[in-house]
Amino acid sequence: MASNVNPTVRRRRLGQELRRLRELKGMTAEEVAERLLVSQSKISRLENGRRSISQRDVRDLCGVYEVEDHRIIESLMQMAKDSRQQGWWHTFGDIPYSVYIGLETDAASLRVFAPQVVPGLLQTRAYAEAVITGALPETPTTEIEKRVQVRVRRQERVSAVENPLRLWAVLDEAALRRVVGNRQLMREQLEHLAEVSQLPHVTVQVLPFDVGAHPGLNGQYAILEFPDAADSSVVYIEGVTSDLYLEKAPDVQNYSVMYEHLRAQAMNADQTRQFIADLAKEYAR
């Protein structure tokens with residue numbers, strides 16, 4: 001059973017529980033850090049699930065919070081043990097966005113806004129290779145191939161027969177008109193996009209140029225939602241050297257409202273498929 005545990009999600013759930021215990025005790029992260037002679041940033045990283053949690057960490061924190069119920073302590077210790085297991089993505093070595101992959105692997109639904117390129121989950125292998133190569137011009141070929149393999153593996157959530165990822169993607173028209181690789185590659189990518197968009201759990205919409213200014217002008221982002229009610233939704237914003245994860249309810253709500261405006265301004269699913277088909281024909285000329 002342990003082999004099916006998603007370590008990223010376990011760390012996140014454990015962190016949420018440790019934060020709850022701290023707040024019940026009425027302590028700040030700074031006060032806890034002083035008691036344990038560690039940095040405040042370590043406590044914050046443990047609570048937000050961005051850092052691996054050892055059983056010793058759990059034991060020490062439970063001691064500070066004066067947790068006396070051994071069942072609670074044992075449960076938290078087991079979660080810490082499970083959270084240190086490796087997910088499938090670790091077989092590919094050091095992946096910069098491994099935290100995101102862990103969240104995506106366990107998510108029930110994903111809403112993504114893509115202003116520049118087709119989202120990774122909807123890319124063909126050739127398009128993915130061209131995008132990654134262009135974005136990372138000084139990266140060795142072996143590293144490019146590894147990232148492509150990871151991207152293709154992630155797409156299994158979309159093509160899965162059982163429990164597929166519910167994906168809703170709003171793409172700026174620029175993402176489809178930007179010629180990545182060459183025109184033949186783009187035609188194949190658009191044909192693939194149109195095909196995948198017909199899956200019952202996938203919705204693709206294009207935001208046309210003539211919409212003008214819109215709520216997505218600040219850049220791409222994704223909203224992940226999870227099957228367990230205990231796991232709060234997460235807004236993911238990808239960066240060049242670091243990524244941003246927003247979990248506070250007001251932040252998630254703000255981005256969700258923005259996404260609703262983007263969906264309302266975009267072409268509907270049928271119009272989008274026709275637009276993609278017409279554009280694919282242009283690339284075939």
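Annotation: of all residues in segment 180-193 being under 12 Å from residue 118 (Cα atoms) and part of a helix (DSSP H, G or I), the one that is most open to solvent (accessible area, probe 1.4 Å) is 192.
Results for (1) aliphatic (A, V, I, L, M); (2) assigned to a loop (DSSP other than H, G, I, E, B), shown as yes or no for each residue.
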| residue | (1), (2) |
| --- | --- |
| 12 | no, no |
| 16 | no, no |
| 20 | no, no |
| 33 | yes, no |
| 44 | no, no |
| 49 | no, yes |
| 57 | no, no |
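Taking the criterion of being of a type in the set (Gly, Ala, Ser) and closer than 22 Å to residue 228 by Cα, the only residue of segment 160-195 that qualifies is 160.
Of the residues making up segment 210-229, those that are among the aliphatic types (A, V, I, L, M) and in contact with a Phe, Trp or Tyr (Cβ under 7 Å, 6 or more places away or on another chain) are 222, 223, 224.
So that you can scan it fast, the table gives a plain yes or no per residue for (1) within 19 Å of residue 96 (Cα to Cα); (2) touching a helix residue (DSSP H, G or I) at 6+ places or on another chain (Cβ under 8 Å); (3) not aliphatic (A, V, I, L, M):
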{"residue": "116", "(1), (2), (3)": "no, yes, yes"}
{"residue": "122", "(1), (2), (3)": "no, yes, no"}
{"residue": "126", "(1), (2), (3)": "no, yes, no"}
{"residue": "129", "(1), (2), (3)": "yes, yes, yes"}
{"residue": "133", "(1), (2), (3)": "yes, yes, yes"}
{"residue": "140", "(1), (2), (3)": "yes, no, yes"}
{"residue": "143", "(1), (2), (3)": "yes, no, yes"}
{"residue": "146", "(1), (2), (3)": "yes, yes, yes"}
{"residue": "161", "(1), (2), (3)": "no, no, no"}
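Any residue in segment 65-85 that is farther than 26 Å from residue 248 by Cα, open to solvent by less than 60 Å² (accessible area, probe 1.4 Å) and within 23 Å of the chain's Cα centre (by Cα)? Checking segment 65-85: at least one residue is farther than 26 Å from residue 248 by Cα, open to solvent by less than 60 Å² (accessible area, probe 1.4 Å) and within 23 Å of the chain's Cα centre (by Cα). Of all residues in segment 86-129, those satisfying the criterion of being modelled with pLDDT under 95, part of a helix (DSSP H, G or I) and either open to solvent by 30 Å² or more (accessible area, probe 1.4 Å) or farther than 17 Å from residue 158 by Cα (or both) are 88, 90, 91, 92, 98, 99, 105, 106. Scanning segment 30-45 for residues that are buried (at least 16 other Cβ atoms within 10 Å of the Cβ), modelled with pLDDT of 85 or more and more than 16 Å from residue 66 (Cβ to Cβ) yields 33, 43, 44. Given the condition more than 21 Å from residue 158 (Cβ to Cβ) and not polar (S, T, N, Q), answer yes or no: does some residue in segment 230-238 qualify? Yes, some residue in segment 230-238 is more than 21 Å from residue 158 (Cβ to Cβ) and not polar (S, T, N, Q).
The values are calculated or read from the model by the stated rules, or taken from the named source; none is laboratory data. All values derive from a computational prediction rather than experimental measurement. Note that we place each Cβ from the backbone using ideal geometry, even for glycine, and neighbour counts take in every protein chain shown. Surface accessibility is based on the protein's heavy atoms, side chains included, excluding ligands, DNA and RNA. Shrake-Rupley method; radii C 1.70, N 1.55, O 1.52, S 1.80 Å.
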